[in-house]
Amino acid sequence: MQRIGVFVCWCGSNIAATVDVAAVSDTLKNEPGVVFSTNYQYMCSESGQNILKDAIRDYQLTGVVICSCSPRMHEATFRKAAAAAGLNPYMVEIANIREQCSWIHKDKAAGTEKAIILGRAAIAKVHLNAPLTAGESPVTKRALVIGGGIAGIQTALDIAEAGFEVDIVEKQPTIGGKMTQLDKTFPTLDCAACILTPKMVDCAQNENISIYAYSEVEEVKGFVGNFHVKIRKKARYVDTTKCTGCGLCTEKCPVKKVSNEFNLGLDNRRAVYIPFAQAVPKVATIDADHCNMLKSGKCGLCAKVCTAGAIDYKQKDEIIDREYGAIVVATGYQPIALDKYDEFAYSQSKDVVTSLEFERLTNAAGPTGGTLLRPSDGTHPHTLVFVQCVGSRCEDDGRGKSYCSKICCMYTAKHAMLVREKYPDTEVYVFYIDVRTPGKNFDEFYRRAVEEYGVHYIKGMVGKVAPRADGKLMVQACDLLANEQLHIEADMVILAAAIEPDPSARHLATMLTASMDTNDFFTEAHPKLRPVESPTAGIFLSGVCQGPKDIPETVSQASAAAAKAIGLLAKNKLTCNPCVAHSDEWMCNGCSACEKVCPYGAITYMDKEFRMPDRTTAIRRVASVNPAVCQGCGACTVACPSGAMDLDGFSNSQIMAEVDAICKMK
Amino acid sequence: MIYSYYPGCTLKNKAQELDRCARLSAQALGITLEELPEWQCCGGAYSMATDEIASKLACVRALKDARTRGHDLVTLCSACHNVIKQTNHAMAEDADFALRANNYMAPEAEYHGETKVIHYLEMLRDTVGFDKLAQKVTHPLTGKRIAAYYGCLLLRPGKVMQMDDPENPRILEDFIRALGASPVLYPYRNECCGGYATLEDKALAQKKSDTVMTSAREAEADCIITACPLCQYNLMKNTPEAGRLPVIYFTELLAQALGVDEEAKRA
Amino acid sequence: MQEMMIAKARELLKSGAVQRVLGWKAGEFAYDVEPAVFESAQELEKSFVYNDFCGSNLSKYLIAQSRKEGKTLVFLKPCDTYSFSQLLAEHRIVRENVYAIGIPCQGKTDGETLKGKGFTGILSAQCEGDTFTVHTLYGDKTAARADVLPERCLNCKSKKHMIYDELLGEDGEVLDSHRFDMVEKLEKMTPDERFAFWRGELSRCIRCNACRNVCPACTCEKCVFDNDASGIAQKAAADSFEENMFHIIRAFHVAGRCTDCGECSRVCPQNIPLHLLNRKFIKDINELYGAYQAGEDPDAKSPLTDYTMNDAEPGIVYHRGGNQ
Amino acid sequence: MSKEFDREQILRTSGVNPRKCMRCGKCSATCPSYDEMEYHPHQFVYMVEKGQLDELMASKSIYKCLSCFACVERCPRGVEPARLVEAVRLQVVRQQGNNHLKANDIPALLDDDLPQQAIVTALRKYSK
Amino acid sequence: MQNEMTTFKPKIVAFCCNWCSYAGADLAGTNRLTYPADVKIIRVPCSCRVNPMFILRAFQRGADGVIICGCHPGDCHYTTGNYYARRRMTLLFSMLDFLGIEKERTRVEWVSAAEGAKFAATMNDFVATVTKLGENKRLEDLRCKK
């Protein structure tokens, strides 16, 4: 018989307000095996933990039940405390009487009754607990960073700096991400390329960093410390070891009318291209969808002009198998499609552009060489209207996003300011619902746009943009403070489109078994206390893949994710989860059902000799679980008809004891 | 292909051309429109009030009748279409409204929005197909610059009407192309002409109609087509005569292109 | 056929190709035929039989026999070969130690069935064509063959042997049987009617474990119901509810593995149609996850250790099959 | 009738939850009758929420809505201000003797081409 | 009797996978979304850990409804666990229905860690459904010899 101690936490008033904690501890005192029962204000506090430790020693407890918050919150805390007092940490069970009891029930009697039942279930389980010892598994000392934008670059540099190998996988032909497309950055107005491209070069030159550009993650297997990843290196049809990035092929290619994605389709590129001058790696890529040679076998001009002999039309996708100890997700974002917001006439007029397109139109390396010109006729625009919150902060109706995209207020202030600075003859209107500028020097920046640059900030929304036959855009809007409807003849309208996670993230999350929220942003392990870790061990989050952020925030999070990954890689061994499956060889039939459902290949079979009761020997095929590989899902335990396969910590008898305790009441 | 057909009051009176040309064209396209025998006025405007039940029952009866007959219901007048479609949507989605409406009517056969309601244009697009329609055109309107006027009721609320993108529709433009003419895009084609206010506030109706008319004229259209008798009236009566483009029903254009209108006149 | 089989067995024993023969032996009464191991020609001569009462499925006995030194000759009827094949797939039989001879089967009757048809004092029985003659204490009685066969043989799913080393007689075809008719009939009942039906049937269970012992899919080294650690062991006496659980769990444990040999119902002393539970699973699997018959294709993935991304949701149960 | 009763009734009739409004003004930005209205669509939402109903119910603005559904279509929060305008109007015209358009007035307003639906809808919208 | 009927409090066992649904239940708590206290949650690592024996055992011991919650298909922490659970539970529920036991007493619902509201709504709905069915007699009666 176990000697069980019960500890009921008040959690201040969080539990005590709807659960009579004294009644719970008093009632549970009478349960079989319970030799000590108490309640305390904050069990997780140091004095609370001391109560636990003292009781374990004083009452020679062999099992502990804590009635408190969710085990997802403090199970580890209490296990550690128990271990400190000499009790096996896996002899601790938590009854969740906060999230799943006190917080959801208003009636104290009902709450108390339920808390008692949950306590009894935990006690019933502890009776069947056995001390478990965690095994250890080695750590592969290499990290994978998925996404080569500023987030991925910063994470990779920090990890490499700490002395660990790190691979960057980027689906585009170059690293750099969205930031390469930006002109200036708020609130300091330094040029994006000037601060980003040196970092890209650092990545290329750092011997600890390998860049897999134009590549995608194909498959992820394994677990924290031991991920096995397949990377698909897409065929560029260019031998990257030979290509010097001279760009001659990109000048000679006869296919000239391919929409240039780097400039968001505002101009064209060739079928063989280098996205931009500072690309890393600076090598050409042949776009197989448009290359004449690859489509019809007729051309071959680029191969002829390439003095390095780098063109290889026969190149195939390559699959690279790599092992990693940690994975950092940095998949970034994209602006939403605006086809569902055509009251702003985005698809009806070339002069209605997104803010990211506007960045290209003002960028010295952009299609207009940095001179702001109307895309429709190349004339200088005089009246510009910026519309905020296009698709952000919308009711969840499939049209837009319910969240604030966070970066638009600041980049719009930047755009407005830059336009007014460079072209003082312009009138610039910004229609806003709220101006949100929390950040260092952010509000000052916005105020400068208003006060020094004379940008017209108008509280209200644009209702309709009507492209007139003469090329003017009739903007119909509301000035809420003046209580009037405005009709502005504009030359350009710039829409601050909401941002959304990159669409590749959804599939990636499935491969990583990392959870996502309803907006497809990766979920963090704890919204406040573990913001850069995924709940899935060994997966870390960097940048906008976790939620909208600007560059400073992204870089901070990238470094934080790197620090977490470094902390993991610095360990030689990881403590395994001891709640793993094991097979009772005497009962095992060797039928292979368990092996077939194991997602980790943790089960193998061997022929084993048994001494039977009648002293004869028999050779039988039996299953054996590798505890370092098993992750403890329990799929095998249900596939096993004989019950030979069971799961430590969640055994058949333990779960049934819980079922019994819950069901047999009254 | 057989459809039940709900013409509506105006098509029996002031907008007979809209109806007549639609019937002739449907016949030429191999489509049978069976007019519901006992339809009543839809009410002209959909009441958004949740407690307006009785005023929607005429629509529910028509919808129920169409269900009994087993054919999808085709409408033509934009207003009727809007009212019937919104009523049908409410019967399907708003359980409380459906309960109360059903209680008013013969409760032995409850109605829950089973009938599919489509506009004549949707029938042309989805059943006939604009490519097939183009093949049947005998008198192509080549060279004509035609401005499609959608107004409000065909498109909005988009979630209910689901005919086309409410902000950038193309069904009428595709229709115009199928007839061999050139569609003219102009920004006010889906803005209100002020028609409902024509009795209450003539000046308002005139102002709104003029915006639409001016916008179409500036886009250098030869004429405007519409599916709505009230829009047609409003654009013709409440705009200054100078610079007014002819406003005709889209079915008139259709009958013309199919060559059926001439035949009718000869016969 | 019996003579051919004895001759074959004798020959293989004599040549040393096999060390023992697994077959059927006659008992006290004509219908008391039971599985037996023969190790010599004499034993074969003395009691080896193959007749209309050899219904029992020998494949399960191979688990023990194939682990013995040397080879075992086994005679397998078509439906026994399904079980044999399934057990091989589950690594339960050492294939090298088995020499399997497929034998034809036209359906097997048994004492219970005959008694159920009103035959008493049975001495022996034989079948000529479609006429079944029973010699009884009270004289010979005849019946049409179809009238004396149990349900499982009337709805025989296959006369084809799935696996064998050698064939005696002709091989048959997989048949279009009506074996799911009764399941369908039950599905069409209201839940109340179904409940009444099963209450009537299952309430007769005496938990003798005969079904479990005969079942070629119930081959666990130790049954979960006998396993203390499982938390459900040895509760039969304590709680009448256990029986329901026993039959549901047993059916679930053999789901995707049951070859539908019908032995469970044959041996049930209370005549509970237990095979209907298994057939319900087979029918559901066929309908939800594609046609599958355990024992048919050794390379096919068992439906319960397999999945597709687009499998039906459990909620489908609320909409399909059965009246409300 | 009390103000609170009116407010309750209007909220119920309209089915609108004015608390969903985030005060972006897109309804008023899009409204074709804006200049004809004393109180604009966004003000209807705000004023109903605050209970300033006397002003709204006395205002001619309630007859200016064209039922064009533009605000319904474009509201980012799904508030549907047109429903509120209609509900306030109904609250007025449903009261005895409050018909805005009287049958006797109609003949004077007619012309030969006016479609029936104009009359039907005017009666429906402005009278009880 | 009348009174007994109206105050019937069902016993509901909810098996929740640790990674999604248990976290979803925690989120429901964090957001103070209420559902009846009749629901008692048992934490399992994955929905594939739920053995049909547990469900039958719950019914045996007097549960009136059993619900299994797991990650959405495709989002399983262990990649494939819920796919197996989905097949197992589909077949088991179908069998219970075959035996004439009310199918509404069992349910599988996929609830992610972000779906606190869905968790609460699911539990409210399930409790309401089971309450309407009343006490679970059938499984207990099935072998009643009287």
Problem set entry | strands (runs of 3 or more DSSP E) lying entirely in the stretch A:476-570 (those with 1 or more residues that are in contact with a strand residue (DSSP E or B) (Cβ under 8 Å, 6 or more places away or on another chain), free of Cβ contacts under 8 Å to residues at least 40 places away in the same chain and within 14 Å of another protein chain (Cβ to nearest Cβ)) | A:484-490
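For every residue, the table says whether it meets (1) more than 10 Å from chain A (Cβ to nearest Cβ); (2) part of a loop (DSSP other than H, G, I, E, B); (3) within 22 Å of D:Val93 (Cβ to Cβ).
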{"site": "D:Ile10", "(1), (2), (3)": "yes, no, yes"}
{"site": "D:Arg23", "(1), (2), (3)": "no, yes, no"}
{"site": "D:Ser28", "(1), (2), (3)": "no, no, no"}
{"site": "D:Phe44", "(1), (2), (3)": "yes, no, yes"}
{"site": "D:Met57", "(1), (2), (3)": "yes, no, yes"}
{"site": "D:Ser61", "(1), (2), (3)": "yes, no, yes"}
{"site": "D:Cys65", "(1), (2), (3)": "yes, yes, yes"}
For this session: List the number of the failed condition for A:Ile175; all other conditions in (1) out of contact with any strand residue (DSSP E or B) (no Cβ under 8 Å at 6 or more places or on another chain); (2) in contact (Cβ under 8 Å) with a residue 60 or more places away in the chain hold.
Result: (1)
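Which helices (runs of 4 or more DSSP H) does the stretch A:71-166 wholly contain that include 1 or more residues that are closer than 30 Å to A:Gly543 by Cβ and not hydrophobic (A, V, I, L, M, F, W, C)? Explain how you work it out, then say what you get.
Numbers: elements: A:71-84, A:108-127, A:150-161.
Of the helices (runs of 4 or more DSSP H) lying wholly inside the stretch A:71-166, those with at least 1 residues that are closer than 30 Å to A:Gly543 by Cβ and not hydrophobic (A, V, I, L, M, F, W, C) span A:71-84, A:150-161.
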Seminar exercise, completed: Taking first residues from the stretch B:9-27 that are within 14 Å of chain D (Cβ to nearest Cβ) and second residues anywhere that are assigned to a helix (DSSP H, G or I) and aromatic (Phe, Trp, Tyr), the pairs with Cβ under 9 Å that are 6 or more apart or on different chains are B:Lys14/B:Tyr233; B:Ala15/B:Tyr233; B:Leu18/B:Phe250
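Among the listed residues A:Cys633, A:Cys588, A:Cys594, which satisfies the condition of being touching a residue at least 12 places away in the same chain (Cβ under 8 Å), more than 10 Å from chain E (Cβ to nearest Cβ) and not in a helix (DSSP H, G or I)?
Working: A:Cys633 fails: more than 10 Å from chain E (Cβ to nearest Cβ); A:Cys594 fails: not in a helix (DSSP H, G or I).
After ruling out the rest, the residue left standing is A:Cys588.
In the stretch C:278-297, which residue that is of a type in the set (D, E, K, R) and under 15 Å from the mean Cα position of the chain (by Cα) is modelled with the lowest pLDDT? Let's see the steps before the verdict.
Within the stretch C:278-297, the first condition is being of a type in the set (D, E, K, R), and the residues that meet it are C:279-280, C:283-284, C:287, C:296-297.
Add one more test, that the residue is under 15 Å from the mean Cα position of the chain (by Cα), and what stays is C:279, C:296.
Numbers: C:Arg279: 95, C:Glu296: 90.
This residue is C:Glu296.
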Problem set entry | Odd one out for A:Ser624, checked against (1) among the small types (Gly, Ala, Ser); (2) surrounded by fewer than 22 Cβ atoms within 10 Å (Cβ to Cβ); (3) within 17 Å of A:Phe223 (Cα to Cα) | (3)
Problem set entry | In the stretch E:85-124, the residues that are at the interface with another protein chain (Cβ under 7 Å from one of its Cβ atoms), of a type in the set (D, E, K, R) and in a loop (DSSP other than H, G, I, E, B) | E:Glu102
Problem set entry | Pairs with Cβ under 9 Å, 6+ apart, first in the stretch B:58-72 and at positive phi, second buried (at least 19 other Cβ atoms within 10 Å of the Cβ) and modelled with pLDDT of 95 or more | B:Gly70/B:Ser4
Exercise. Filtering the stretch C:256-275 down to residues that are of a type in the set (A, V, I, L, M) and surrounded by fewer than 23 Cβ atoms within 10 Å (Cβ to Cβ), which residue is farthest from C:Cys79 (Cα to Cα)?
Worked result: C:Ile272
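Among the candidates A:Ala156, A:Ala151, A:Ala160, A:Ala81, which residue alone is within 30 Å of A:Asp20 (Cβ to Cβ) and not basic (Lys, Arg)?
Numbers: A:Ala156 fails: within 30 Å of A:Asp20 (Cβ to Cβ); A:Ala151 fails: within 30 Å of A:Asp20 (Cβ to Cβ); A:Ala160 fails: within 30 Å of A:Asp20 (Cβ to Cβ).
The conditions single out A:Ala81.
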For this session: Within the stretch A:212-229, identify whether any single residue is farther than 30 Å from A:Val629 by Cβ and part of a strand (DSSP E or B), and answer yes or no.
Result: no
Exercise. How many residues are at pLDDT 90 or above and among the aromatic types (Phe, Trp, Tyr) when one looks only at the stretch C:51-80?
Worked result: 2
For this session: Report, by residue number, each residue of the stretch C:1-45 that is more than 24 Å from C:Ser124 (Cβ to Cβ), among the basic types (Lys, Arg) and not in a helix (DSSP H, G or I).
Result: C:Arg20
Problem set entry | Residues satisfying the stated conditions in the stretch E:25-81, i.e. at pLDDT below 95, in a helix (DSSP H, G or I) and more than 7 Å from every other protein chain (Cβ to nearest Cβ) | E:Leu27, E:Ile55, E:Phe59
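Assess whether E:Val127 counts as being more than 30 Å from C:Arg207 (Cα to Cα), touching a helix residue (DSSP H, G or I) at 6+ places or on another chain (Cβ under 7 Å) and either small (Gly, Ala, Ser) or more than 10 Å from every other protein chain (Cβ to nearest Cβ) (or both).
Numbers: more than 30 Å from C:Arg207 (Cα to Cα): yes; touching a helix residue (DSSP H, G or I) at 6+ places or on another chain (Cβ under 7 Å): no; either small (Gly, Ala, Ser) or more than 10 Å from every other protein chain (Cβ to nearest Cβ) (or both): yes.
It is false that E:Val127 is more than 30 Å from C:Arg207 (Cα to Cα), touching a helix residue (DSSP H, G or I) at 6+ places or on another chain (Cβ under 7 Å) and either small (Gly, Ala, Ser) or more than 10 Å from every other protein chain (Cβ to nearest Cβ) (or both).
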Problem set entry | Filter result (at the interface with chain B (Cβ under 9 Å from one of its Cβ atoms) and either closer than 19 Å to B:Gly194 by Cα or aromatic (Phe, Trp, Tyr) (or both)) within the stretch D:86-111 | D:Glu86, D:His100, D:Leu101, D:Ile106, D:Leu109, D:Leu110, D:Asp111
Exercise. Considering only residues of the stretch B:178-228 that are at the interface with another protein chain (Cβ under 8 Å from one of its Cβ atoms), assigned to a helix (DSSP H, G or I) and touching a strand residue (DSSP E or B) at 6+ places or on another chain (Cβ under 8 Å), which is surrounded by the fewest Cβ atoms within 10 Å (Cβ to Cβ)?
Worked result: B:Ser215
For this session: Starting from the stretch A:68-84, keep only residues that are within 14 Å of chain E (Cβ to nearest Cβ), then list their pairs with residues that are surrounded by fewer than 20 Cβ atoms within 10 Å (Cβ to Cβ) whose Cβ atoms are within a distance under 6 Å, requiring at least 6 positions of separation or different chains.
Result: A:His74/A:Cys44
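Given the criteria away from every other protein chain (no Cβ under 11 Å), under 30 Å from B:Lys132 (Cα atoms), in contact with a Ser or Thr (Cβ under 6 Å, 6 or more places away or on another chain) and assigned to a helix (DSSP H, G or I), does B:Leu172 qualify? Lay out the reasoning, then the answer.
Numbers: away from every other protein chain (no Cβ under 11 Å): yes; under 30 Å from B:Lys132 (Cα atoms): yes; in contact with a Ser or Thr (Cβ under 6 Å, 6 or more places away or on another chain): no; assigned to a helix (DSSP H, G or I): yes.
For B:Leu172, the condition - away from every other protein chain (no Cβ under 11 Å), under 30 Å from B:Lys132 (Cα atoms), in contact with a Ser or Thr (Cβ under 6 Å, 6 or more places away or on another chain) and assigned to a helix (DSSP H, G or I) - is not met.
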For this session: Run down B:Arg266, B:Arg177 and say which single residue is under 22 Å from B:Leu24 (Cα atoms), among the basic types (Lys, Arg) and modelled with pLDDT under 95.
Result: B:Arg266
For this session: Examine the stretch B:64-86 for a residue that is out of contact with any Cys (no Cβ under 7 Å at 6 or more places or on another chain) and at pLDDT below 90, and state whether such a residue exists.
Result: no
Exercise. Filter the stretch D:12-21 for residues that are outside any helix (DSSP H, G or I) and either at pLDDT 95 or above or more than 7 Å from every other protein chain (Cβ to nearest Cβ) (or both); which is surrounded by the fewest Cβ atoms within 10 Å (Cβ to Cβ)?
Worked result: D:Asn17
Exercise. Has the stretch C:262-283 got at least one residue that is under 22 Å from C:Pro150 (Cα atoms), among the acidic types (Asp, Glu) and part of a loop (DSSP other than H, G, I, E, B)?
Worked result: no
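Using the structure shown, decide if C:Asp297 is surrounded by fewer than 23 Cβ atoms within 10 Å (Cβ to Cβ) and either facing another protein chain (nearest Cβ under 9 Å) or closer than 24 Å to A:Ala635 by Cα (or both).
On the way: surrounded by fewer than 23 Cβ atoms within 10 Å (Cβ to Cβ): yes; either facing another protein chain (nearest Cβ under 9 Å) or closer than 24 Å to A:Ala635 by Cα (or both): no.
Considered against the rule, which asks whether it is surrounded by fewer than 23 Cβ atoms within 10 Å (Cβ to Cβ) and either facing another protein chain (nearest Cβ under 9 Å) or closer than 24 Å to A:Ala635 by Cα (or both), C:Asp297 comes out as no.
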Seminar exercise, completed: Condition set among the hydroxyl-bearing types (Ser, Thr, Tyr) and either more than 14 Å from every other protein chain (Cβ to nearest Cβ) or without any contact (Cβ under 8 Å) to a residue 24 or more places away in the chain (or both), scope the stretch A:386-424, selection surrounded by the most Cβ atoms within 10 Å (Cβ to Cβ): answer is A:Thr412
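The values are calculated or read from the model by the stated rules, or taken from the named source; none is laboratory data. Predicted model only: the values in this text are computed from it and were never measured. All Cβ positions, glycine included, derive from the backbone under ideal geometry; neighbour counts span all protein chains shown.
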